[in-house]
């Protein structure tokens, strides 16, 4: 492998620019895909042949942590840092046209993986969900992505492309241009763009993030799965159709990499942003809803349907079912295949892992990363996780895990009173029993860990 004698840098990251043998990087980030919702994770009632094949060609992680909801997980993925460092502590602005302009936008000072790879000579693209702020100057094109097509807010109706809560607003962008393509199915639109991007960039290294809005509600599966799973009861039936739709799209990306001869030189990472959604009863309540749907139109998640196995919890909770998600990495010929790792990893770890695999090194003045490269545990299944303690924070809630103990703190916005909940992952029924009153010394210890981090 020949190295060119050229040193480049961006905000404390340096690298040697290499010939075209540099690996491509593809991140497949799913939306609300629960803890065990892949056949290879034990959900044998699902059809997920493509994700199962990805597991067979790579490494599957059983203790992978994202976040409790979408925004902070996406910030952590792209920056390798706790989301609050970039100001993502609450729901981000979704409507570029200003209906929620006072909401959060991720700080543009944050250095994203896209920015680092772009400066290293990679072409960069994001197709799908952004959800890190819709304010002009804070979108994907401002954070290292050369190409963007998708929606800026939390979710959209897949056919009319409107955010559905409240009065609703239109949310479909090609770059920074709002576009209107009603009745075209959004997941197919972003898939088409992703496949075309791979086809057009075969001769140069690229970083492609496909931020699928599946299986997130509205539960509108692809045609192939509209009548699938007749044997399953609701809400599992509806959710399973969405999981298989997700799997189908991921399979088409993998097939394109194979067809173009790029699969052997492409790092493929798959992960979900949080656990499955239990949301229900969301209907249009306004006669003048921007989408044009009538009052009573249902667009939610039918109350759940995800499989958490022995764990309890779901999206929007710091219990395991809300933050522990499926995750895999595959790099044929370079990393082990068909293996499992049980050590803790986090969504923040992909940033330093990709940099290591692409030959990019941080310098002393680089932004402080909270993620750690997973390569030590990839190369040796007996190595320990780099994470002795896990920290999470969102809005009025935070959590700390050390060993089997997890402390979840919630502050009442009106009274200012903080309630502590202490759970244990090592019990026969993990996290079910409350221990805060019986183990105040552990509450104090974990609180001290949280305060020391601030």
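The values are calculated or read from the model by the stated rules, or taken from the named source; none is laboratory data. None of the values given here were measured: they were computed from a predicted structure. Here the Cβ is made from the backbone with ideal geometry for all residues, glycine too, and neighbour counts use every protein chain on show.
Any residue at all in region 92-107 that is in contact with a helix residue (DSSP H, G or I) (Cβ under 8 Å, 6 or more places away or on another chain) and assigned to a loop (DSSP other than H, G, I, E, B)?
yes
Filter the strands (runs of 3 or more DSSP E) completely within region 384-448 down to those with at least 1 residues that are surrounded by 12 or more Cβ atoms within 10 Å (Cβ to Cβ), modelled with pLDDT of 95 or more and more than 22 Å from the chain's Cα centre (by Cα).
Result: 397-402, 405-411, 418-424.
Scan region 282-291 and give yes if some residue there is touching a residue at least 40 places away in the same chain (Cβ under 8 Å), under 26 Å from the mean Cα position of the chain (by Cα) and either surrounded by 18 or more Cβ atoms within 10 Å (Cβ to Cβ) or not assigned by TED's automatic domain parsing to the domain that holds residue 54 (or both), otherwise no.
Checking region 282-291: not a single residue is touching a residue at least 40 places away in the same chain (Cβ under 8 Å), under 26 Å from the mean Cα position of the chain (by Cα) and either surrounded by 18 or more Cβ atoms within 10 Å (Cβ to Cβ) or not assigned by TED's automatic domain parsing to the domain that holds residue 54 (or both).
Find the residue count for region 158-179, including only residues that are in contact with a helix residue (DSSP H, G or I) (Cβ under 8 Å, 6 or more places away or on another chain), crowded, with 20+ Cβ neighbours inside 10 Å and in contact (Cβ under 8 Å) with a residue 40 or more places away in the chain.
The number of residues fulfilling the criteria is 1.
Which residues, taken from region 404-424, are in contact (Cβ under 8 Å) with a residue 40 or more places away in the chain and under 15 Å from residue 317 (Cα atoms)?
Residues satisfying the conditions are 406, 407, 408, 409, 423.
Check every one of the strands (runs of 3 or more DSSP E) wholly within region 1-55 and list those with 2 or more residues that are modelled with pLDDT under 80 and farther than 18 Å from residue 265 by Cα.
Those strands (runs of 3 or more DSSP E) span 3-10, 13-18.
Determine whether residue 182 is touching a helix residue (DSSP H, G or I) at 6+ places or on another chain (Cβ under 8 Å), over 29 Å from residue 266 (Cα atoms), modelled with pLDDT of 95 or more and surrounded by fewer than 20 Cβ atoms within 10 Å (Cβ to Cβ).
no
In region 120-150, what residues are outside any loop (DSSP other than H, G, I, E, B) and buried (at least 20 other Cβ atoms within 10 Å of the Cβ)?
Within region 120-150, 124, 125, 126, 127, 128, 129, 140, 148, 149, 150 meet the criteria.
So is residue 142 over 19 Å from the mean Cα position of the chain (by Cα), without any contact (Cβ under 8 Å) to a residue 40 or more places away in the chain and within 20 Å of residue 73 (Cα to Cα) or not?
For residue 142, the condition - over 19 Å from the mean Cα position of the chain (by Cα), without any contact (Cβ under 8 Å) to a residue 40 or more places away in the chain and within 20 Å of residue 73 (Cα to Cα) - is met.
Would region 43-56 turn up any residue that is farther than 25 Å from residue 225 by Cβ and without any contact (Cβ under 8 Å) to a residue 60 or more places away in the chain?
no
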